[in-house]
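The structure appears below as structure tokens.
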Amino acid sequence: MSAFGRTSIAVLLVGAFLAGILSATVGANWFDAGDRVGTSATASETSVPEPLAAPSLLDFETSFISIAESVNPAVVQIRSERVVSRPNPFENTPFRDFFNQDPDNPDNEFRSQALGSGVIVREDGYIVTNDHVIRNADDLEVQMFDGEFYEAEVVGTDPESDLAVIRIKADGLPSLRYGQIDDVRVGQWVMAFGSPLSQDLGNTVTSGIVSALGRTSGNLSTLNLFAQFIQTDAAINPGNSGGPLVDLRGRLIGINSAIYSRTGGNQGIGFAIPVDVVENVVEQLIESGEVERGALGLNFAPISQSLAEVLEVSRGAAQVTVVLPDSPAQRAGVEVGDVVVAVNGQRLRDANELRTAVGNLPPGARVKLDVIREEERRSINVELGRRSEIIVSNAANQPDSEGDSGGGSVEELGISLRDLTGDLAERAGFERDQKGVLVTAVDAQSLAYREAELREGDLITDADRKPVENARDFQRIYADIESGDSFIVRVLRIQNGQVTTYFTALTKP
């Protein structure tokens, strides 16, 4: 054999060897078998398992078919109806009777219908769905996968988590088992089930991946106070609400709840309530018809960029703005101005996670808060109280930026200040004897506005950890600050009619 021929055979053998290794590695990654492929991790591990064969596309397809066949019988379509009275636009006018033309319907009532989805979680007929699917319903009807219909009754609702449990009179039903939120990973395949857009599209199945975990924000909190949403690109549309999101083992990992869309339809951004929240709420609703949550007894707000830089903490930290009297937080020693950076050792990525982390724990549970106080880190252990028993008192007035006393401006910071008199304090919503200097204007292009997040109507009571009673105090303290240095400012702010404490940081140019 020629040298060229021998060389060609050698190249082919090497290529085949490398291709085999590559195929085995790909197969392992697809089916979580990476620990069974490769060389030994230590010298004592002498045996190497045989490489796995690369999976075929047919095997991958079969897994989706299998999950659809096993999950679909547990997915239901929910039709809700409620009686609504159409208002008479001519009420209290001589034309009132022209609007009511039907003598058999003098109250001008009609039946409003809504469509949603649900999933059976117990074989004796318990079904979980979204609260907004059944809210204010007078009649509930459930259609099963086999086409059979049942009347349903409400077991319990929890508007704060947008979850509800209903029940039909049946036994031996197919049901889904709960997964574990700790097993859910960004990038994993998931499948969504439900009835999008129409009654005719019941038990529609879509697939996608987990796009993100732990989604929470001020906007999402209006939908659900206690969920860190699972984001997915599996197609979700109106009507899918209440349906299950499952993994490729057929386990329930979330309840489809909302979409982000500029068109009203699917644009690849859907949100599911995670299974840990679902299981907690569902089990409590079944057992007692209501949900009890733990609470700290405080209010909080995000921190500004400038304060985060001064304290060298993440922007996800939460600053304590109100500590309620005789609350668990007060008894444990939490103070206004504390910056919470972690709960039970988990760093906050968003200030709203403070609420979700605590709200999903029962009353009596103990939590550890890692806080920054006066630039020092400390840990505080708090035994949670009952959220239903903690009531926040509200003040009556909103701020009024008009003033009638002396003041001044700090032009290089972009803010204008005015001394707080008794009359001005009352008009602004503060106690008459409150001390401080009122921010009457903030340049929208300044760092005070963009990074420190100062706003017109804020009341500065401390600067550089020194008390501020008037504009002169602030000017004196500011004069002692070195150029380029940052200093912490304590602010009182009226939010929702309540006086809250807010800390931020300013930097002297």
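Taken together, the values in this text are just the output of simple stated rules run on the coordinates, not laboratory data. In this text the structure is predicted, and so the values were computed from the model without any measurement. Ideal geometry is used to build each Cβ from the backbone, glycine not excepted, and the neighbour counts take in all protein chains shown.
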Item to check | the range 294-389: relative contact order in percent, alpha carbon pairs under 8 Å with at least 6 residues between | outcome: 32 percent
Checklist entry - Expressed as a rounded percentage, what relative contact order does the range 407-507 have, with Cα pairs under 8 Å and six or more residues apart? => result 24 percent
Next on the checklist: Can you classify the range 294-389 as rounded, prolate or oblate using the Cα gyration tensor, where a ≥ b ≥ c are the square roots of its eigenvalues, rounded means a/c under 1.5, and otherwise it's prolate if a/b beats b/c and oblate if not?
Outcome noted: prolate
Item to check | 5 angstrom amide H check on A342, placed H, neighbours 5+ away | outcome: L348, D370
Checklist entry - Can you work out ³J(HN,Hα) from phi for every residue in the range 287-302, in order, using Karplus 6.51 cos²θ - 1.76 cosθ + 1.60 and θ = phi - 60°, giving whole Hz and x for Gly and Pro? => result 6, 10, x, 8, 10, 9, 10, x, 8, 8, x, 8, 10, 9, 8, x
Next on the checklist: Quick check: Cα centre of the range 454-486 to Cα centre of the range 141-187, how many Å?
Outcome noted: 56 Å
Item to check | Loop-located GluC sites (Glu not before Pro) in the range 257-331 whose Cβ has at most 15 other Cβ within 10 Å (DSSP) | outcome: E290, E292, E312
Checklist entry - Out of residues 5 or more away from N240 or on other chains, whose amide H comes under 5 Å of its own, with H placed 1.01 Å from N in the peptide plane? => result S195, L197
Item to check | Neighbour cut-off at most 14 other Cβ (10 Å), DSSP loop, GluC sites (Glu not before Pro), the range 316-383 | outcome: E374, E375
Checklist entry - If amide H atoms are built 1.01 Å from N in the plane of the peptide, which residues on other chains or at least 5 residues away come under 5 Å of the amide H of Q498? => result A395
Checklist outcome for this item: Relative to the compact-globule estimate 2.2 N^0.38 Å (N residues), the Cα gyration radius of the range 407-507 stands at a ratio of 0.99
Checklist outcome for this item: Partner lysines whose C-alpha sits under 25 Å from that of K508, ignoring same-chain residues fewer than 8 away, are K435, K466
Checklist entry - In whole Å, how far is the Cα centre of the range 59-74 from that of the range 284-349? => result 42 Å
Next on the checklist: Give me a comma-separated list of calculated 3J(HN,Hα) values for the range 158-175, in order, Karplus coefficients 6.51, -1.76, 1.60 applied at θ = phi - 60°, integers in Hz, x for any Gly or Pro.
Outcome noted: 9, x, 5, 9, 6, 10, 8, 10, 10, 9, 10, 8, 7, 10, x, 7, x, 9
